[in-house]
1. Contact order normalised by length for the range 4-182, with contacts defined as Cα pairs under 8 Å and 6 or more residues apart; what percent is it?
2. Which of the aspartates and glutamates could be linked to residue 133 by a straight reach, that is with a Cα gap under 20 Å, when you skip same-chain ones fewer than 8 residues away?
3. Tell me the label-point distance for the pair residue 159, residue 131, using the 7 Å Cα-to-Cβ offset, in nm and rounded to one decimal.
4. Can you tell me how the range 1-88 classifies by the Cα gyration tensor, rounded, prolate or oblate, using a/c under 1.5 as the rounded cut?
5. If each DSSP helix of 4+ residues adds -39,500 (n - 2.57) and the sum is divided by the residues in the chain, what number results at 222 nm, nearest 500 deg cm²/dmol?
6. On full extension of the chain, what length is gained from residue 110 through residue 79, given 0.36 nm per residue of separation minus the C-alpha to C-alpha distance?
7. Among all the lysines, which ones have a C-alpha under 16 Å from residue 189's C-alpha, if same-chain residues fewer than 8 places away are not counted?
8. Of all the C-alpha pairs in the chain, what % are more than 24 Å from each other?
Amino acid sequence: MGSLGVVPAAGAAERFGSAKLLADVGGAPLLERTIRALLDGGVDGVVVVLGPEGAPIRESIPALGDPRVSVAVNAHPEHGMLSSIQAGVAAATGDPILVLPGDMPYVDMATVASLLRSYGERATIISPKFQGKRGHPVVIPGRYREEILAAGRSATLHEVIKAHLSERVDMDVYDRGVVRDVDVPSDLKGPEA
């Protein structure tokens, strides 16, 4: 069982005002870059979780045609990001599980590779940290899969992780992308790293 990337991408993106996941980032759709960071960083398989209205996204993201990538649908994205993570985790198995929100296209593939190497040395929860701030992708041991799936509707992934603080480590990285998400169009401006 190889590593699994889960990309929650079912949100409405209301603050962005248009099709955020299709916005151009360095010549590629935003979601494409997010998926590629995981694949190019060495993740074995990726599940992208879309909302019920995800058809235009399916047709516009080349990486969704990669045999290592599958799509899951979160029928109720209004229940929050954990519901999308649960849909992704339910659709595939893997160890570790790397969670990278779809709106984080600036993560460097080298960061993903470093996280996987670190997990290989110590199979624990790993959070990348840039200048003192934790970011994504967070690496979660596959042994917590059932716990993620069983979390209630009001829960968050942070709460699942908090139950295992003694097993969490931070990994300092020189990648601002781990804390750089895209909420509004102005977030697309500025340096790529």
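Read-outs throughout are calculated quantities, based only on the coordinates presented, and are distinct from any laboratory measurement. Keep in mind that what you see is a predicted model, and the values were worked out from it rather than measured. Neighbour counts are summed over all protein chains in view; Cβ atoms, including those assigned to glycine, are modelled from backbone coordinates with ideal geometry.
1. Across the range 4-182, relative contact order equals 26 percent.
2. 103, 108, 159, 167, 170, 172, 175, 181, 183, 187, 192
3. The answer from the label model is 3.2 nm.
4. Oblate, since a/c reaches 1.5 and b/c is not below a/b.
5. Rounded to the nearest 500, the figure is -7500 deg cm²/dmol.
6. 7.9 nm
7. Qualifying lysines at Cα under 16 Å: 20.
8. Across the chain, Cα pairs with separations above 24 Å total 32 percent.
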